[in-house]
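Here's the structure, in structure tokens; my notes come after.
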Amino acid sequence: MSRRKGIMSDRLKEEIAKDMGIYDTVQKEGWGGIKSRDAGNMVKRAIEMAEENSKNKA
């Protein structure tokens, strides 16, 4: 089974993980080591950041 390419850049994911305090887990266990709740919160934060960015451009 092939893996899809993620939409978020690795840099953005790392930035959000650092802000959330889960980057240590990512470094030790990889992205598969984070909890589903944390992954969902990362997506939620990325959406919030995108919305803020689009408001600033308008």
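The values are calculated or read from the model by the stated rules, or taken from the named source; none is laboratory data. What you see is a predicted model, and the numbers here were worked out from it, not measured in a lab. Quick note on the areas: whole protein, heavy atoms, side chains included, nothing else; ligands and nucleic acids left out. Shrake-Rupley method; radii C 1.70, N 1.55, O 1.52, S 1.80 Å.
What the table shows:
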item: Straight-distance crosslink candidates among lysines, where the alpha carbon sits under 19 Å from LYS35 and sequence neighbours closer than 8 are dropped; result: LYS13, LYS18, LYS44
item: Cα long-axis angle, helix 36-57 against the chain (0 to 90 degrees, to the nearest 10); result: 20
item: Tensor-based shape of the chain (alpha-carbon gyration tensor, a/c under 1.5 rounded, otherwise prolate or oblate); result: prolate
item: Residue-normalised accessible area of the chain, given per residue in Å² at a 1.4 Å probe; result: 89
item: Carbon and sulfur %, accessible surface of the chain computed with the full protein complex present, 1.4 Å; result: 47
